[in-house]
Amino acid sequence: MMRRLIPRPALSLALFLLWAALTNAASLGALLLGGLLALVMPFVTRRFWPDAPRLARPVVALKFAARVAWDMLVANWAVARRVVGPVASLSPAFVEVPLDLRDPFVATILSSIVSLTPGTVSVDVDRDRWVLHLHALDAPDPDALVRVIKLRYETPIREIFSC
Amino acid sequence: MNLVIEFVVASLILLGAAFALLGSVGLARLPDFFTRLHGPTKATTLGVGAMVLASAVYFTATQQGFSLHEIAVMVFLFITAPVSAHLLAKAALHRSAPECSEEIDDAGK
């Protein structure tokens, strides 16, 4: 019964929180409207959603989000220093990261994280060979970068979505 | 508004402005399309993030209740920024934008 009423609890919760943020959670009416939207919108948009894997480890997901936020700060600083430093000594490179995950939705999250952490921009996810192509601003040792991305981001993401 | 909050807001705005500037400096100084792509992604994450945070702190301090719009702004920015960067990079690969290193043939498909 609950399952049929709320087919995607995580999506509903996210919509409700987003609505609360948009309206500043100002009044009871706004929150009720948000609750209604959070119930109706997953139904209306159901056909557009890919079969997203379940969020298996929410606590790990929160810790992971905090780590990504921290990494973004550190990497911002690192890239900022490179940008004002001598540009000629940079070694930009295309890097191929072989993926162990096999889910398009999770691959999208991983490539978004790679793009958000400055210094790397994901260019393409090859779904035939499951390789993430990315461009790095300064990667003197591409293999080390591949190891970092696999260990620091891909492994926890696979644990979170258990895929 | 007390002095501490004023100081926090001012430093967040300055931090955001500094990173937006650095993003633009990167856009101007870096040699080719793909390296230039890294400037704007940086400006949106930390630059806009810090300014939006400053706005949240300011309006929470000066008005009644919390100001939460800014969180929604940040969420949407962080979702859409990688998508636009990804689209730009893909379009550039498709059109074979000139690049300084010679590895473009490996990555292009």
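Miscellaneous remarks
- Peptide A:92-104 has a mean of 2 when you count, residue by residue, the C-beta atoms of other protein chains within 10 Å of its C-beta.
- Relative to the longest principal axis of the Cα atoms of chain A, the long axis of helix A:104-116 makes an angle of roughly 60 degrees.
- Taken about its Cα centre, the protein assembly as shown carries a charge dipole of about 940 debye when Lys and Arg each add +1 at the Cβ and Asp and Glu each add -1 at the Cβ.
- Based on DSSP H segments of at least four residues, each scored -39500 (n - 2.57), chain A has a per-residue ellipticity at 222 nm of -17500 deg cm²/dmol.
- Largest-first principal axis extents, alpha carbons of chain B, Å: 57, 25, 14
- For the residues of A:110-116, the average number of beta carbons from a partner chain within 10 Å of their own beta carbon is 5.
- In degrees, nearest ten, helix B:49-62 long axis to first principal axis of chain B (Cα): 10
- Counting only alpha carbon atoms, the long axis of helix B:69-94 and the longest principal axis of chain B meet at about 10°.
- Computed over chain B with a Gaussian network model linking Cα atoms closer than 10 Å, the most mobile of B:Leu46, B:Leu22, B:Leu87 is B:Leu87.
Any read-out appearing in this document is the output of simple, stated calculations on the displayed coordinates, not a laboratory observation. Please read these numbers as outputs of a predicted model, since none were measured by experiment. With ideal geometry, Cβ positions are generated from the backbone for all residues, glycine too; neighbour counts draw on all protein chains shown.
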